[in-house]
Amino acid sequence: MATVFARPKLQLFGVSTTYVVRKIGLSDLADALRLGWDDFNAIPTHAVVLCVIYPVIGLVLFRLVLGYSVLPLLFPLAAGFTLIGPFAALGLYELSRRRERGEEAAAWHAMHVLSAPSFGAILGLGTFLFALFVTWIAAADAIYIATFGHAPAATIPDFARRVLTTPEGWSLIIIGCGAGFLFAVVALCISVVSFPLMLDRHATVIDAIRTSVRAVMKNPITMAAWGLIVAVLLAVGSLPFFVGLAVVLPVLGHATWHLYRKVVEPDPNPPQEQPRPPIGHRYAADFPASLFPWSREK
């Protein structure tokens, strides 16, 4: 496919650039997941995920022990992670990018995103996604209060009975899932390839969002399938007690980078860089020794 360039024009966040978007199929999603799994096996990124996810889960469970008022928000909190997941996976994109280029790739290299030239733009879009996440939680709380009022559930079984066995509960499920679907569609459209693009090509926020929307418009069925895959894998990874997320989140993060590679045409004039020594093989089984490379040096 020929590369198309638009004439540069001044935008609010810099100079506008058109990135070529490809048409992809369901087989490309399967290949992206396979490559994501390969990256996960080669790089022990699950250590990073454990350090980030488990403290958050612990705080939620701690609040649950102290009082049941958080119960109505447990599902919205878990589901809402899909809204900020594209930003949270920045380090995983960097690791996949480095491995793709034959550079050294280990868990601590994920911090290199902080020195990316476009980190300001990345942070700006990440802030927007976080605001979207907060808005979703507020909306979910408002829907629950409108349905059941301000009285909290007495126990976990009482909460389950309210939601699953009453007309109000089914109304809550239908309205809540509908609202959550709309939030998820917005997040998917603006971020499915935005963060990898800004990391890889130093694109502006405007161009990244525009390219992401164009990718969804050109591949509506495929991108809808990708959103469904992400939702299902996150749901499976959350059972039991979120343990599976230690595998699901890194695989999805790495796979998102490879999905970006399939959707957006590569840079026809990549910047010239000094050759890097090839990396050795790293496996998830090397953890935790792989986190301390100096221990292997002689």
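Restricted to helices (runs of 4 or more DSSP H) entirely inside the range 149-218, those with at least 2 residues that are in contact with a Ser or Thr (Cβ under 9 Å, 6 or more places away or on another chain) and in contact (Cβ under 8 Å) with a residue 12 or more places away in the chain are 167-191, 194-201, 205-218.
Here Thr135 clears all of (1) without any contact (Cβ under 8 Å) to a residue 24 or more places away in the chain; (2) at negative phi; (3) surrounded by fewer than 19 Cβ atoms within 10 Å (Cβ to Cβ) except the condition numbered (1). For the range 196-212, the criterion of being out of contact with any strand residue (DSSP E or B) (no Cβ under 6 Å at 6 or more places or on another chain), surrounded by fewer than 16 Cβ atoms within 10 Å (Cβ to Cβ) and under 24 Å from Asp28 (Cα atoms) is satisfied by no residue at all.
Being within 19 Å of Val248 (Cβ to Cβ), modelled with pLDDT under 85 and more than 20 Å from the chain's Cα centre (by Cα) is a description that does not apply to Gly67. Suppose the filter is modelled with pLDDT of 95 or more and among the hydroxyl-bearing types (Ser, Thr, Tyr); does Thr204 pass it? Judged against the criteria, Thr204 is not a match.
Quick check: is even one residue across the range 209-226 modelled with pLDDT under 95 and hydroxyl-bearing (Ser, Thr, Tyr)? Scanning the range 209-226, I find no residue that is modelled with pLDDT under 95 and hydroxyl-bearing (Ser, Thr, Tyr), so the answer is no.
To keep it simple, each residue is scored yes or no on (1) more than 19 Å from Asp31 (Cα to Cα); (2) at pLDDT below 90; (3) assigned to a helix (DSSP H, G or I); (4) hydroxyl-bearing (Ser, Thr, Tyr).
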position: Ile229; (1), (2), (3), (4): no, no, yes, no
position: Val236; (1), (2), (3), (4): yes, yes, yes, no
position: Leu239; (1), (2), (3), (4): yes, yes, no, no
position: Val243; (1), (2), (3), (4): yes, yes, no, no
position: Leu249; (1), (2), (3), (4): no, yes, yes, no
position: Leu252; (1), (2), (3), (4): no, no, yes, no
position: Tyr260; (1), (2), (3), (4): no, no, yes, yes
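When the residues of the range 213-236 are filtered to those that are crowded, with 18+ Cβ neighbours inside 10 Å and among the small types (Gly, Ala, Ser), the one that is farthest from the chain's Cα centre (by Cα) is Ala215. Could you tell me whether the range 88-109 includes any residue that is modelled with pLDDT of 85 or more and in contact with a Leu (Cβ under 6 Å, 6 or more places away or on another chain)? Yes, some residue in the range 88-109 is modelled with pLDDT of 85 or more and in contact with a Leu (Cβ under 6 Å, 6 or more places away or on another chain). Scanning the range 152-186 for residues that are at pLDDT 85 or above and polar (S, T, N, Q) returns Thr165, Thr166, Ser171. Of all residues in the range 162-190 being among the hydroxyl-bearing types (Ser, Thr, Tyr) and surrounded by 13 or more Cβ atoms within 10 Å (Cβ to Cβ), which is nearest to Ala78 (Cα to Cα)? So, considering only residues that are among the hydroxyl-bearing types (Ser, Thr, Tyr) and surrounded by 13 or more Cβ atoms within 10 Å (Cβ to Cβ), the one nearest to Ala78 (Cα to Cα) is Ser171. Checking the stated criteria, Ala116 turns out to be within 26 Å of Glu94 (Cα to Cα) and either surrounded by 13 or more Cβ atoms within 10 Å (Cβ to Cβ) or of a type in the set (Phe, Trp, Tyr) (or both). When the residues of the range 138-161 are filtered to those that are aliphatic (A, V, I, L, M) and closer than 30 Å to Ser194 by Cβ, the one that is surrounded by the most Cβ atoms within 10 Å (Cβ to Cβ) is Ala140.
The values are calculated or read from the model by the stated rules, or taken from the named source; none is laboratory data. In this text the structure is predicted, and so the values were computed from the model without any measurement. Here the Cβ is made from the backbone with ideal geometry for all residues, glycine too, and neighbour counts use every protein chain on show.
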